[in-house]
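S.K.: The structure under discussion is supplied below as structure tokens; questions concerning it will follow.
The values are calculated or read from the model by the stated rules, or taken from the named source; none is laboratory data. Predicted, not measured: the structure shown is a model, and the values here were computed from it. We place every Cβ from the backbone using ideal geometry, glycine too, and count neighbours over all the protein chains shown. Accessible surface is based on the protein model in full, side chains and every heavy atom, while ligands, DNA and RNA are left aside. Shrake-Rupley method; radii C 1.70, N 1.55, O 1.52, S 1.80 Å.
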Amino acid sequence: MASQRASRRIAVFLFLLGVLCSSAAAARFAPADNHLLACGAEAPAILPDGRRFVPDSGRASTRLRSPAPTLASAAPPKGSPPPPSPLHASARVFSCRASYDLAVRHRGRHILRLHFYPFAPALAASRFHVGAGGLLLLHNFTASSPVVKEFILPVESDVLVLTFVPDSGSTAFVNAIELVSAPEELVGDIGTLVTSAGAAQIDGLSSQVFETLYRINVAGRKVTPFNDTLWRTWVNDGKFLVDTDSTNYKVWSFSGRIAYPRGSRQMTREVAPDNVYNSARSVRPGANVTWGFPVPASSRYLVRMHFCDIVSKALYELYFNIFVNGNLAVKDFDLSSTTGFLAYPYYIDFIVDVEDEGMLKLAIGGLKQSQSDEASGILNALEIMRMNKTSGGMDGNFPIALDMEDVVSKGIGEFARSLLCGFIFAGLFVALVMLVLRLRTELRNNGTAWSWKPMDSGEGNLAKAYQLVPSKTDY
């Protein structure tokens, strides 16, 4: 009897566990577009997070084009150590311009990730350009070490053309490509522009292109794609702390439930996962905690700072200032008044211009009116994204043709113009020859011909000149 009860309990437990797992799976983000390509591979590559990358050739939704008769694939040399990821076991190498045509089911914002793993010296020496949808994403790019380049960009066509253009005398390569539909709430349209003159609200962010430079899990462990519904990676903030006394801050961890707002379309787990809100670094009253990030100079950045009060025992205990690149962005920030709950995630998007210094500094400063002696302000996570400088590229406008059709039409146009010029030249030459022959015939009929004789130049010197002189013509 007891064994039957135990069996029933186990069955009920397994049933509930199955329901929870099914609910979690159903709640996981399912993008409308989900291109996962293992470039140059002959078989699919399965990642630890369960995603399946398929070979980049022979796909109905993907077309690979190039003027070259063949597109080479490459693999690590024999005897080399195993690659750190199945995506690094092959690469597609381009000796000339080439493009991927990626079918788009749902227009709107997409996440594009390009994986580069130079497993051979020739790949590490490659220099090339990469564009998407007519926008130059990477200019004079080299991948001397493994790197993943991530972009968030709007796609307003049924096909996204991803183009690789080798520099003169060089090649281009890529190991893997991800093109995934992004949830609407990932990037809003409004941000706060922070300058030395103050902070002001601006809009138009939804039409921008962003390159992700940093995703930071403050005071927490590395978050891998396995634990992120958008397959992102978040790294610890420790190496980015700047001139900060360890007595000025405290590290917190949280094992409770993060209270995402029910039914909200602005704040979901796709914006940031639970793991980045389960940890935080707090600042004590009257002190500052500063982070510094090397970034390309002369660019504009979106800085997203994530907050979730996992340290307070009650509401209205935290009051602090937020600084962006040395400028006051938010004064006397009261997180409780903004959210109304504890363990409730919230973020602020700041826009900042970095000129010549090439360093972006972020800081939180504790205020003495806080109710706690050990925590006056917190930061859970942050993201830094570079914004496109112009409508033509991340680094500005450069004379690099990205559209394959433009290249083909340009080549045909140049050939047609050359052919037309040749016909015109030949026609003029023939007309000139016919004119000379006709004139010669008329002169012969009139009893004159072309001849040459010395003549006086008028200065007592002999000069050579052509002139018409009568001559007898025998028929």
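S.K.: Pulled fully out, how much extra length does the chain show between Ser80 and Asn140, if you take 0.36 nm times their separation in residues and subtract their Cα-Cα distance?
M.R.: 18.8 nm
S.K.: Using the Karplus curve 6.51 cos²θ - 1.76 cosθ + 1.60 with θ = phi - 60°, work out ³J(HN,Hα) for each residue of segment 342-356 in order, rounded to whole Hz, and write x for Gly and Pro.
M.R.: With the stated coefficients, segment 342-356 comes to 8, 6, 10, x, 7, 9, 10, 9, 10, 10, 9, 9, 10, 8, 8 Hz.
S.K.: In Å and from the alpha-carbon atoms only, list the Rg and Dmax of segment 84-210.
M.R.: 16.9, 51
S.K.: I've got another one for you. Taking amide H positions as placed in the peptide plane 1.01 Å from N, state which residues far from Leu360 in sequence (5 or more) or on other chains have amide H under 5 Å from it.
M.R.: Under 5 Å from the amide H of Leu360: Phe293, Val295.
S.K.: Averaged over every viewing direction, what's the projected area of the C-alpha convex hull for segment 143-286? Give it in nm², one decimal, please.
M.R.: Mean shadow area of the hull around the Cα atoms is 14.0 nm².
S.K.: Moving on to the next point. Just subtract the alpha-carbon distance of Arg28 and Phe341 from 0.36 nm times their residue separation and send over the number in nm, one decimal.
M.R.: 110.2 nm
S.K.: Still on this structure, I have one more. Leaving out ligands and nucleic acids, note down the accessible area per residue over segment 34-181 with a 1.4 angstrom probe, in whole Å².
M.R.: So segment 34-181 comes to 42 Å² accessible per residue, rounded to a whole number.
S.K.: Roughly what would the spin-label model give for Glu184 and Ser298, points 7 Å off Cα along C-beta, in nm?
M.R.: Between Glu184 and Ser298, the label points sit 3.9 nm apart.
S.K.: Greater than 32 Å separation of Cα atoms is the criterion. Which listed pairs, Lys78/Lys389; Lys149/Lys368; Lys331/Lys389; Lys250/Lys389; Lys78/Lys239; Lys149/Lys313, meet it?
M.R.: Over 32 Å Cα-Cα: Lys78/Lys389; Lys149/Lys368; Lys250/Lys389; Lys78/Lys239; Lys149/Lys313.
S.K.: Would you work out the relative contact order for segment 191-387, in percent, from Cα pairs under 8 angstrom that are 6 or more residues apart?
M.R.: It comes to 32 percent, rounded to a whole number.
S.K.: Hey, another quick one. Kindly write out, for segment 277-292 in residue order, the coupling ³J(HN,Hα) from the Karplus curve 6.51 cos²θ - 1.76 cosθ + 1.60 (θ = phi - 60°), rounded to whole Hz, with x marking Gly and Pro.
M.R.: The phi angles translate into 8, 7, 9, 7, 10, 9, 10, 7, x, x, 10, 10, 10, 10, 10, x Hz.
S.K.: From the protein chains alone at 1.4 Å, what is the descending order of accessible area for Phe151, Phe141, largest first?
M.R.: The most accessible residue leads, giving Phe141, Phe151.
S.K.: For segment 191-387, count all C-alpha to C-alpha pairs, find those more than 23 Å apart, and express that count as a whole percent of the total.
M.R.: In whole percent, the share of Cα-Cα pairs in segment 191-387 beyond 23 Å is 40.
S.K.: Quick one: 3J(HN,Hα) in Hz for segment 84-89, Karplus 6.51/-1.76/1.60 with θ = phi - 60°, rounded, Gly and Pro as x.
M.R.: Along segment 84-89, the couplings run x, 9, x, 6, 9, 7 Hz.
S.K.: Within 10 Å of each candidate Cβ there may be at most 12 other Cβ atoms; applying that plus a DSSP loop requirement, which GluC sites (Glu not before Pro) in segment 112-212 survive?
M.R.: In loop regions of segment 112-212 (DSSP not H, G, I, E or B), the sparsely surrounded GluC sites (Glu not before Pro) are Glu156.
S.K.: What does the extension gain come out to for Glu156 and Arg221, with contour length at 0.36 nm per residue minus their alpha carbon separation?
M.R.: 19.7 nm
S.K.: Now for a different question. What is the ratio of the Cα radius of gyration of segment 345-396 to 2.2 N^0.38 Å, where N is its residue count, to two decimals?
M.R.: Dividing the Cα Rg of segment 345-396 by 2.2 N^0.38 Å gives 1.65.
S.K.: Mind giving me the FRET efficiency for Arg52 and Phe398? R0 is 35 Å, r the Cβ-Cβ distance, nearest 0.05 is fine.
M.R.: Result of the calculation: an efficiency of 0.45.
S.K.: On to the next question. Just read off the accessible area of Leu193 with the full protein assembly in place, 1.4 Å probe, to the nearest 10 Å².
M.R.: Rounded to the nearest 10, the figure is 40 Å².
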